[in-house]
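I have placed the structure first, in the form of structure tokens, so that the comments after it can refer back to it.
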Amino acid sequence: MIKLKSKFIVVEGAIGAGKTSLVLLLSKRFNAKHNLEVVEENPFLSKFYDDIERYAFQTQIFFLLSRYKQQLELAQQDLFNQSVFSDYLFAKDRIFAHLNLSGNELSMYERLYEIMVKDIPRPDLIIYLQASTEMLMKRIALRDRPFERKMSFEYMRRLN
């Protein structure tokens, strides 16, 4: 069995890039734990794709708090004894916030983020997956998640 030198490994990329699939493969291959982003539990997500401007703040705050809770739990685990693969980087939340929020909402988000980021474990390695916007849209359509059905090509182009 191959022993990993890196203990906390993050796979990042746009929506539909294959992050979760790769994390599940790698964690199985290296007998490691996996930390997966909780997307389906966000009660605002399907409404967000219907009306981004109206639901951006609620959606973003839910993700920030959810990711923060997951990352704190990860930090409390023993990262020294077993490797962990994660399908998201905490800092990505801030990227989404800057794409979707503005004004007072972005300012409030930034205040919360700055308080939380100090507690987040830093990855030893980040793997970044890339794909064309066209390919991402095909993959999103194939997996057919209800909350992603109204995701626009233009929104994905901005993310990519």
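The values are calculated or read from the model by the stated rules, or taken from the named source; none is laboratory data. Here the structure is a predicted model, which means the values were calculated and not measured. Virtual Cβ from ideal backbone geometry, glycine too; neighbours counted across all protein chains shown.
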### Message
On the basis of being under 30 Å from residue 31 (Cβ atoms), out of contact with any helix residue (DSSP H, G or I) (no Cβ under 6 Å at 6 or more places or on another chain) and among the hydrophobic types (A, V, I, L, M, F, W, C), does residue 89 make the cut?
### Response
yes
### Task
For residues that are surrounded by fewer than 16 Cβ atoms within 10 Å (Cβ to Cβ) and in contact with a Lys or Arg (Cβ under 9 Å, 6 or more places away or on another chain), tally how many sit in the range 96-116.
2
### Only one of 104, 81 that is on the phi < 0 side of the Ramachandran plot, modelled with pLDDT of 95 or more and over 16 Å from the mean Cα position of the chain (by Cα)
104
### Summary
Sole miss for residue 120 among (1) under 16 Å from the mean Cα position of the chain (by Cα); (2) more than 22 Å from residue 136 (Cβ to Cβ); (3) among the hydrophobic types (A, V, I, L, M, F, W, C); (4) in a helix (DSSP H, G or I) is condition (4)
#### Entry: Qualifying position, being of a type in the set (Phe, Trp, Tyr), within 28 Å of residue 149 (Cβ to Cβ) and modelled with pLDDT of 95 or more, among 48, 62
62
### Query
Is it true that some residue in the range 85-95 is over 13 Å from the mean Cα position of the chain (by Cα) and surrounded by 13 or more Cβ atoms within 10 Å (Cβ to Cβ)?
no
### Residues that are surrounded by 18 or more Cβ atoms within 10 Å (Cβ to Cβ) and in contact with a Leu (Cβ under 8 Å, 6 or more places away or on another chain), drawn from the range 35-54
35
### Query
Is it the case that residue 104 is out of contact with any Leu (no Cβ under 8 Å at 6 or more places or on another chain) and either basic (Lys, Arg) or closer than 23 Å to residue 40 by Cβ (or both)?
no
## Note on the structure
Subset of the range 12-50, residues of a type outside the set (Phe, Trp, Tyr), farther than 22 Å from residue 133 by Cβ and not in a helix (DSSP H, G or I), comes to 31, 32, 33, 34, 35, 36, 38, 40, 41, 42, 43
### Task
Hey, can you tell me all the residues within the range 69-107 that are part of a helix (DSSP H, G or I), farther than 23 Å from residue 21 by Cβ and touching a residue at least 24 places away in the same chain (Cβ under 8 Å)?
72, 75, 97, 99, 100, 105
### Task
Considering only the range 55-69, state which residues are within 17 Å of residue 86 (Cα to Cα) and surrounded by 14 or more Cβ atoms within 10 Å (Cβ to Cβ).
63, 64, 66, 67, 68
## Note on the structure
residue 115 meets each of (1) modelled with pLDDT of 95 or more; (2) touching a strand residue (DSSP E or B) at 6+ places or on another chain (Cβ under 6 Å) with one exception, condition (2)
